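The values are calculated or read from the model by the stated rules, or taken from the named source; none is laboratory data. Since the structure is predicted, the reported quantities are computational estimates derived from the model, not experimental observations. Positions of Cβ are backbone-derived with ideal geometry, glycine not excepted, and every protein chain shown enters the neighbour counts.
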Amino acid sequence: MGPPEELRARLARCGQSHLLRFWAELGPAQRGALLAALPPGLDEHCRLAAAAGARQRGPPERLDGRMEPLPARLLGSVRRSDPAALERWEAEGLHQISQNKVAVLLLAGGQGTRLGVSYPKGMYNVGLPSGKTLYQIQAERIRKVEQLAGQRHHCKCTIPWYIMTSEFTLGPTEEFFVEHDYFNLDRSNVVMFEQRMLPAVTFDGKAILEEKGKIAMAPDGNGGLYCALVDNKILDDMKQRGIQKYEPQLRHHVAIKKVPYIDEEGNLVKPLKPNGIKLEKFVFDVFQFSKNFVAFEVVREEEFSPLKNADTADKDTPTTARQALLAQHYRWALKAGARFLDENGCRIPEKLSLSGTEDAPAVCEISPLVSYFGEGLEVYMKNKDFPSPFVLDENKAKLLGNS
Ligand code: UTP
């Protein structure tokens, strides 16, 4: 029996007749699954994909004409801020955390295609001496900042961790957390939810069949966050827990952190407000609709080292992520008064200014459970000699604190 006429006509109208190529060979369950996978907006989705494909085949497009610089009054900066103001904001952050009003929202539905691993990126180990994965580091940072806020305000507080996953990443992420006992977080405060999927489409706008009766699907982009928050009643969950913030400043509809970067021609790129159209949904797509938008420029070496590519690339790789984290920990250790010795017991000369892709002269990893942002290290490290590599974990901190 052939496909229902209405279905055949619908798919023909949007150039997707090939999806019915194997219809005659499918059983009732497979036919049902194929129909269920066709989203209501398939037509529009495929049209946009074809348009994006045509742009891709055309001459490279410069986006500058479609970007507007942010007015200076909407742009703050760590470097340009008065240290007293930074301290005030930090204190306010810890105060809000102590009131259980802050949550962490992590986007972890991506497939990590460029990194080239078959499991979620959070499970990746970038080769730190401790062997910790990105999820473990994040979990420990949450535990530490809860502790810092609790100590300052003499209370016990919680930062719920919302993790957006996708059909690809939910199962392995859940298993990984169970296997590691939720990294000692309270399980009820780790909320995993799934984003929507969209048919994967070729650059000429044709949905792809993964099997005879199965359309290949992909997560709908990190901008799928907004629908996923609603679909999964995450906003209700946040309200119920009294969460008021998952961005730094509530009085703005959108507040982002911005990392300055250099473009391919060597120019420093100023923060811009994008206003173009793209196919995949991105978190920043909604920024143009905000009535009140601010950006806060942070220091790249202190806050940002993305893991995008495998080590065969020259940037945003496991190596550059590891180098950036270890360079930061090395700076913290030096600031706290540590000295590092080589295998012959000779002092390793210090180097404070390191490029993003350079190994620190000594390898020092500091567990987030010991220090969140370099605070409180003097008690363990001041005027002390350490070998390289050295890992300052909770056990070593206890010993050093008592010595
Ligand atoms: P990336 O572009 O770094 O990661 O996304 P990716 O999508 O995993 O990698 P590629 O593009 O396949 O190589 C930035 C962040 O957005 C999340 C990712 O998990 C990552 O944390 N993301 C991306 C989602 O949550 N959902 C998506 O559909 C896409």
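Summary table
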read-out	value
Breaking point among (1) touching a residue at least 24 places away in the same chain (Cβ under 8 Å); (2) basic (Lys, Arg); (3) assigned to a loop (DSSP other than H, G, I, E, B), for ARG62	(1)
Counted residues, the stretch 314-332 - those being farther than 14 Å from PHE390 by Cα, basic (Lys, Arg) and not in a loop (DSSP other than H, G, I, E, B)	1
Unmet criterion (only one of (1) within 16 Å of the ligand (Cβ to nearest atom); (2) of a type outside the set (Asp, Glu); (3) within 21 Å of LEU325 (Cβ to Cβ); (4) at pLDDT 95 or above) for GLN147	(1)
Single residue of ALA36, ALA52 found to be in contact with a Leu (Cβ under 6 Å, 6 or more places away or on another chain), closer than 18 Å to ALA216 by Cβ and either in contact (Cβ under 8 Å) with a residue 60 or more places away in the chain or outside any loop (DSSP other than H, G, I, E, B) (or both)	ALA52
Residue within the stretch 290-302 that is at pLDDT 90 or above, farther than 29 Å from SER188 by Cβ, among the aromatic types (Phe, Trp, Tyr) and away from the ligand (no atom under 16 Å from the Cβ) present	yes
Answer residue from the stretch 95-111, given it is buried (at least 21 other Cβ atoms within 10 Å of the Cβ) and within 18 Å of SER305 (Cα to Cα) and is nearest to the ligand (Cβ to nearest atom) among those	GLY110
Selection within the stretch 117-137 - buried (at least 20 other Cβ atoms within 10 Å of the Cβ) and within 11 Å of the ligand (Cβ to nearest atom)	PRO120, GLY122
Filter pass, PHE177 being within 16 Å of the ligand (Cβ to nearest atom) and in contact (Cβ under 8 Å) with a residue 40 or more places away in the chain	yes
LYS245 vs. criteria at pLDDT 95 or above, surrounded by fewer than 17 Cβ atoms within 10 Å (Cβ to Cβ) and away from the ligand (no atom under 16 Å from the Cβ)	no
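The rows are residues; the columns are (1) under 17 Å from GLU365 (Cβ atoms); (2) assigned to a loop (DSSP other than H, G, I, E, B).
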residue	(1), (2)
GLU87	no, no
ILE97	no, no
GLY112	no, yes
LEU128	yes, yes
GLY131	yes, yes
GLU140	yes, no
GLU146	no, no
ALA149	no, no
